[in-house]
Amino acid sequence: MNETMAILIVRGTRLEPSPVKLPLNRPFLFVLGMLYLVFLHFPSDLNIGAGLTLLFNITTWFWVSIAISVGVFQVIRAGKVRYSKLTFGLLICCLLLTLPLFYDHASVSLAAYRVMALWGGFLLFVVLQQFRFSNKHKHRLIWLIVLSALVESGLAYYQLFADPAQMPLGVFPSVNTFATYLATGLLASGYLLSRHLKKYQAQFSIASLLYITPLLCMPLLVLLRSVTGWGVTLIGIVMIFPYLYRFASRKRLWGWGISIILGLLSGLILIQALYTTPFNAQSIKRLSPLSDSLAQTVDMFIEKPFTGYGYGHFEEEYVLYSARQHQLNPNYPSPLAGLSHPHNEVLYWGIEGGILPIFAIMLATLFVLGRIYGAKPKTRLATLSLLVPITMASQVDDVFSQSTIHWITFIILLFWIDQRVAKYSSVPLHRLTIRGLNGVGILLPILALLYCGAFLRAQSLLMQYQQGQYISRQAQMYVPLVWHDQLMKAQLIDQLQQKNTKPHRRPLSTYVPWLLELIQRQPRPEYYQLLIALYQHIGDTNRAEQSRIEAEFLFPQYPFTPQDRPPIASSDLK
């Protein structure tokens, strides 16, 4: 009795067991569903820049930040963090990829977007591991990829029939990114078809959507005329077909195969009807500019294999290196204008960061292949096939720089591969850590919302200017760099052509520091031509000539001819 009273005095009402907190599986899947099925599919006419500066990608990262926040609250509920061997492996690789950011010649501001995307992907991977998904919920992650590809296909067909002269790209900025995404959805449909069980079916079999996917995606893959898309699709189908043959019923195998054949025939008929010469050399999207710049970028890596040229400095260093080599040897190709990415992800990290990032990428590859090898022998090739479209496309194009959803999809597929063989461990969290995570879970989506709002505001300012509305100088100061550059460029061109309205006029000399800094970051012929014209308008012929000589040295294949300048307003000579 005394012992019971003592317990009551010490613990009080805490003798009653605390209620079990339900996991946040459904809210997490809801957020991912909203991203893949709704908010991913809003196209924008003002997709300027690359990577995180694309409006198309900003909304993606906003919803990813909410998903990560839900995962953080799941960690708080569980009071522990789950992890696997692959978690540690990828953490080491991310740290190695981040280290070159602290080199003396690295530009933190220019490389920040890429490093943020890298760690955002890792956080999403860790967050996915915190949920104890049922088999049904795990399959829903792959289903989201398939359904998203179907929605994009529908959007592309709408664009095609609304304007047959334009290439149907859905919301994606380029042919290769769209083709790669369609190929991923197509292969995921075949993978799911062999795993889809009848107990998950309702009166209407949702598995029928898996037969429809090749029928809708294949014609678009033909229409896009992307060698990359064709290649990854063919390789993926060859890799996944034995898996279907072994694990799917003959009805499903034949149904999926016939759907691919019918989609291919429909695509050939459609492309012949829309284009007179559909498969000429000019219309097919080959491996250019990778094939045009590969020799130059490989030489760049060989010249500085250990430290690289510094994160954020690829374009300027590429132009300088190629121009110098062309000056020494006229047979050496001159630099390609506007090449901000070597169209090979391994080379990109290696040229800017040296051997350390390449070692990290190779290490991550070995870790993932090790997890695939740990799966059942007859399933390894099919599991690997899910990664083939995005992985191979990243080595011949800049898909990760153009499309965030490719990176997010890649992370989800890595989680799918890992969870099939992983043995999870967990680490309990201290109370102070839990309190800190509470703040992170709240602040993360708020910061992402503010960041997204800044881009939307900058887009609005540019649209207002294009419509002739007045934009104050103070409003222009607090916009992201890429939008500020576009706004300044539009104002300068209009003022040089005497189109600028009086409120927007400013002394032309004030554009010079901005334009010089822009050229240092992005040496391109159009900017040099603009600088030459600017110097001519303010009467500085010596600097105009110096700029022309420098431009012709960097880009000998482009003409930089002096332009006839209109009369200079007196206010411009200040």
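The values are calculated or read from the model by the stated rules, or taken from the named source; none is laboratory data. Note that the structure is predicted; figures quoted are calculated from it, not measured. Quick reminder, even Gly has a Cβ in these numbers, built from the backbone with ideal geometry, and neighbours come from all protein chains shown. All accessible areas refer to the heavy atoms of the entire protein, side chains included, with ligands and DNA or RNA removed. Shrake-Rupley method; radii C 1.70, N 1.55, O 1.52, S 1.80 Å.
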So which of Ser334, Ser340 ends up being closer than 24 Å to Pro100 by Cβ, open to solvent by 20 Å² or more (accessible area, probe 1.4 Å) and not in a helix (DSSP H, G or I)?
Ser340
Scanning the stretch 343-359 for residues that are crowded, with 17+ Cβ neighbours inside 10 Å, touching a residue at least 24 places away in the same chain (Cβ under 8 Å) and closer than 21 Å to Ala393 by Cα gives His343, Asn344, Glu345, Leu347, Tyr348, Trp349, Gly350, Ile351, Glu352, Pro357
Here are the criteria: (1) modelled with pLDDT of 95 or more; (2) exposed (fewer than 15 other Cβ atoms within 10 Å of the Cβ). Tell me which single one Val38 does not satisfy.
(1)
Scan of the stretch 161-189 for residues that are farther than 19 Å from Phe400 by Cα and assigned to a helix (DSSP H, G or I), ordered by number:
Phe161, Ala162, Leu186, Leu187, Ala188, Ser189
Answer from Ser44, Ser107 - the residue that is surrounded by fewer than 18 Cβ atoms within 10 Å (Cβ to Cβ) and at pLDDT below 90:
Ser44
From the set of residues in the stretch 239-277 that are within 29 Å of the chain's Cα centre (by Cα) and farther than 15 Å from Met218 by Cα, which is most open to solvent (accessible area, probe 1.4 Å)?
Phe241
Residue list for the stretch 503-525, restricted to those being touching a helix residue (DSSP H, G or I) at 6+ places or on another chain (Cβ under 9 Å) and either modelled with pLDDT under 80 or open to solvent by 20 Å² or more (accessible area, probe 1.4 Å) (or both)
His504, Arg505, Arg506, Pro507, Ser509, Trp514, Leu516, Gln520, Arg521, Gln522, Arg524
Provide a single number: the residues in the stretch 97-111 that are touching a residue at least 40 places away in the same chain (Cβ under 8 Å) and part of a helix (DSSP H, G or I).
8
The stretch 325-340 residues that are aromatic (Phe, Trp, Tyr), paired with ones that are surrounded by 17 or more Cβ atoms within 10 Å (Cβ to Cβ) (beta carbon under 6 Å, 6 or more apart):
Tyr332/Gln325; Tyr332/His326
Give just the number: which of (1) within 25 Å of Val319 (Cβ to Cβ); (2) modelled with pLDDT of 95 or more; (3) among the polar types (S, T, N, Q) does Gln395 not satisfy?
(2)
Go through the stretch 343-369 and report how many residues are outside any helix (DSSP H, G or I) and out of contact with any Leu (no Cβ under 7 Å at 6 or more places or on another chain).
1
Within the set of pairs 6 or more residues apart or between chains, which connect a residue that is touching a residue at least 40 places away in the same chain (Cβ under 8 Å) inside the stretch 66-78 to a residue that is of a type in the set (Val, Ile, Thr) and not in a helix (DSSP H, G or I) with Cβ atoms less than 6 Å apart?
Val75/Val81
For the stretch 88-104, indicate whether the set of residues that are among the β-branched types (Val, Ile, Thr), at pLDDT below 95 and more than 19 Å from Ala67 (Cβ to Cβ) is non-empty.
no
